[in-house]
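Colleague: Mind looking over this structure? Questions follow.
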Amino acid sequence: MKLNDNARFSTICIHAGQEPDPSTGAIITPIYQTSTYVQEGLGQHKGYEYGRTQNPTRMALEANLAAIEKGAAAFAFASGMAAIDAILTRLESGDHLVVSDNTYGGTFRLFERVRRKFGLDFTYVDTSRLETIDQAITGKTKYLFIETPTNPMLRITDLAAASEIAHARNVRVVVDNTFASPYVQQPLALGCDIVTHSTTKFLNGHSDSVGGVVVLKHQDDIDWMKFVQNAAGAILGPMDSWLVLRGTKTMPIRMERTNSNAQAIAEHLAAHPRVQSVIYPGLANHPHHALAKRQMRGFGGLISFDVGSIEAARTVLPRFRLMSLAESLGGVETLISHPAIMTHASVPPERRAAIGITDGLIRISVGIEDVDDLTEDIDQALSDTQRK
Ligand SMILES: *Cc1c(COP(=O)(O)O)cnc(C)c1O
């Protein structure tokens with residue numbers, strides 16, 4: 001099997017990094033559940049020495065994800081957080097990062113509670129306002145770390161423009177592309193330098209694995225990441241690597257459905273009398289709608305909407321039947337959550353208010369069920385006459 005250089009996205013997702021198993025011809029890369037490899041003689045081996053350093057299932061996934069994100073190499077880690085932490089190991093005490101404010105809570109915790117102790121410094125700005133990026137960059141800034149869309153306010157940063165600003169100051173751009181997925185958005189092609197994902201979300205897509213990946217394009221970054229993946233050892237195991245490889249094959253078709261379901265649900269919510277406001281980049285009233293249209297293919301699977309008060313949220317949330325009340329996102333099943341009480345409880349109320357996370361805000365991670373069943377679930381949950 002050889003992919004043409006001009007192979008399209010869905011074909012790449014299914015075939016890149018995938019070879020029939022050399023010993024049996026199995027079309028699906030097996031789960032090589034092994035810690036070591038027998039060597040034919042002293043210093044003679046088949047490129048595999050020890051399971052932390054090399055594993056065929058993990059390496060097949062890494063080749064697949066590098067091609068999907070248009071990078072030169074990818075490295076898979078035990079979680080999205082392990083992947084982000086591995087990126088930080090490139091830096092040294094005294095280095096500074098400019099970070100999108102209202103970044104993923106776990107990222108904020110890692111930066112502030114763990115890595116600040118080791119002498120890294122972080123400044124949080126609204127990267128969707130490009131002028132704030134340039135203002136925050138200092139002589140010590142090494143990385144601009146962007147999340148777009150953000151959670152749960154779904155603000156969009158112009159990745160090409162942000163990269164130009166950063167590169168003019170010798171700063172590399174890291175994008176956490178988890179919320180968009182590589183189907184919706186391709187940061188490396190837009191000029192960014194490093195992409196990371198929690199594969200737990202849209203890439204795996206089936207809510208049955210936790211993992212992370214770093215995709216790189218510069219050789220110096222690749223050399224370091226290869227070294228540190230083995231040296232620090234937070235690798236993705238073979239079983240999880242196999243699950244994510246299973247997931248990426250259907251990612252384009254899942255994202256198409258996710259996008260169309262989310263657009264329909266956002267419009268449905270916007271027309272609903274019990275809903276005060278809806279945030280979705282695919283709605284014309286979203287402040288970054290035009291940018292999102294240019295930068296993204298579809299508008300992704302996350303929607304936030306406001307029911308007006310904590311009381312209304314407490315009434316409505318338990319009434320959902322099909323949508324499950326849960327953290328996380330990006331699976332085939334639709335999840336619903338309350339940021340102020342669930343994912344953003346550790347963010348102080350003043351900061352929540354400053355970001356716009358009100359007590360009536362509800363977030364949906366849209367799955368790929370039949371959209372009519374999803375809108376019916378919304379209608380029965382929001383109806384005044386419904387009783388438990
Ligand atoms: C979930 C998530 C992470 C962390 O990934 P884990 O796999 O849970 O460690 C990082 N960034 C974003 C945007 C996420 O949604």
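The values are calculated or read from the model by the stated rules, or taken from the named source; none is laboratory data. Predicted model, so just to flag it, every value in this text is computed and none were measured. Here the Cβ positions follow ideal geometry from the backbone for every residue, glycine too, while neighbour counts run over all protein chains shown. These area figures cover heavy atoms from the full protein model, side chains too; ligands, DNA and RNA do not enter into them. Shrake-Rupley method; radii C 1.70, N 1.55, O 1.52, S 1.80 Å.
Colleague: Specify the residue that is nearest to the ligand (Cβ to nearest atom); the eligible residues are those in region 306-327 that are in a loop (DSSP other than H, G, I, E, B) and under 19 Å from Tyr280 (Cβ atoms).
Modeller: The qualifying residue nearest to the ligand (Cβ to nearest atom) is Met323.
Colleague: Can you find a residue that is part of a loop (DSSP other than H, G, I, E, B), over 27 Å from Arg8 (Cβ atoms) and of a type in the set (A, V, I, L, M, F, W, C) anywhere in region 174-197?
Modeller: Of region 174-197, the ones part of a loop (DSSP other than H, G, I, E, B) are 177-187, 191-193.
Then keep just the ones that are over 27 Å from Arg8 (Cβ atoms); that gives none.
Within region 174-197, none of the residues are part of a loop (DSSP other than H, G, I, E, B), over 27 Å from Arg8 (Cβ atoms) and of a type in the set (A, V, I, L, M, F, W, C).
Colleague: From the list Lys249, Lys217, exactly one residue is in contact with an Asp or Glu (Cβ under 9 Å, 6 or more places away or on another chain), basic (Lys, Arg) and either surrounded by fewer than 23 Cβ atoms within 10 Å (Cβ to Cβ) or outside the structural domain of Glu369 (by TED's automatic domain parsing) (or both). Which is it? Break it down stepwise before answering.
Modeller: Numbers: Lys249 fails: in contact with an Asp or Glu (Cβ under 9 Å, 6 or more places away or on another chain).
Being in contact with an Asp or Glu (Cβ under 9 Å, 6 or more places away or on another chain), basic (Lys, Arg) and either surrounded by fewer than 23 Cβ atoms within 10 Å (Cβ to Cβ) or outside the structural domain of Glu369 (by TED's automatic domain parsing) (or both) holds for just one of Lys249, Lys217, which is Lys217.
Colleague: Sticking with this structure for a sec: Residue check: is Thr157 open to solvent by 10 Å² or more (accessible area, probe 1.4 Å), among the β-branched types (Val, Ile, Thr), in a loop (DSSP other than H, G, I, E, B) and touching a strand residue (DSSP E or B) at 6+ places or on another chain (Cβ under 8 Å)? Quick ask: steps written out before the conclusion?
Modeller: On the way: open to solvent by 10 Å² or more (accessible area, probe 1.4 Å): no; among the β-branched types (Val, Ile, Thr): yes; in a loop (DSSP other than H, G, I, E, B): yes; touching a strand residue (DSSP E or B) at 6+ places or on another chain (Cβ under 8 Å): yes.
Here the answer is no, as Thr157 does not meet what is asked.
Colleague: Still on this model: Which one is nearest to Asp126 (Cα to Cα), of the residues in region 284-311 that are of a type outside the set (Val, Ile, Thr), open to solvent by less than 30 Å² (accessible area, probe 1.4 Å) and touching a strand residue (DSSP E or B) at 6+ places or on another chain (Cβ under 9 Å)?
Modeller: His286
Colleague: While we're on this one: For region 91-113: of the residues being open to solvent by 40 Å² or more (accessible area, probe 1.4 Å) and over 21 Å from the mean Cα position of the chain (by Cα), which is modelled with the lowest pLDDT?
Modeller: Result: Arg113.
Colleague: Could you tell me whether any residue of region 124-140 is of a type in the set (D, E, K, R) and surrounded by 18 or more Cβ atoms within 10 Å (Cβ to Cβ)?
Modeller: Taking region 124-140 as the starting set, the residues that turn out to be of a type in the set (D, E, K, R) are 126, 129, 131, 134, 140.
Within this subset, residues satisfying the condition of being surrounded by 18 or more Cβ atoms within 10 Å (Cβ to Cβ) are none.
No, region 124-140 contains no residue that is of a type in the set (D, E, K, R) and surrounded by 18 or more Cβ atoms within 10 Å (Cβ to Cβ).
Colleague: If you go through region 176-232, how many residues are under 16 Å from Asn64 (Cβ atoms), away from the ligand (no atom under 13 Å from the Cβ) and touching a His at 6+ places or on another chain (Cβ under 9 Å)?
Modeller: The qualifying residues number 2.
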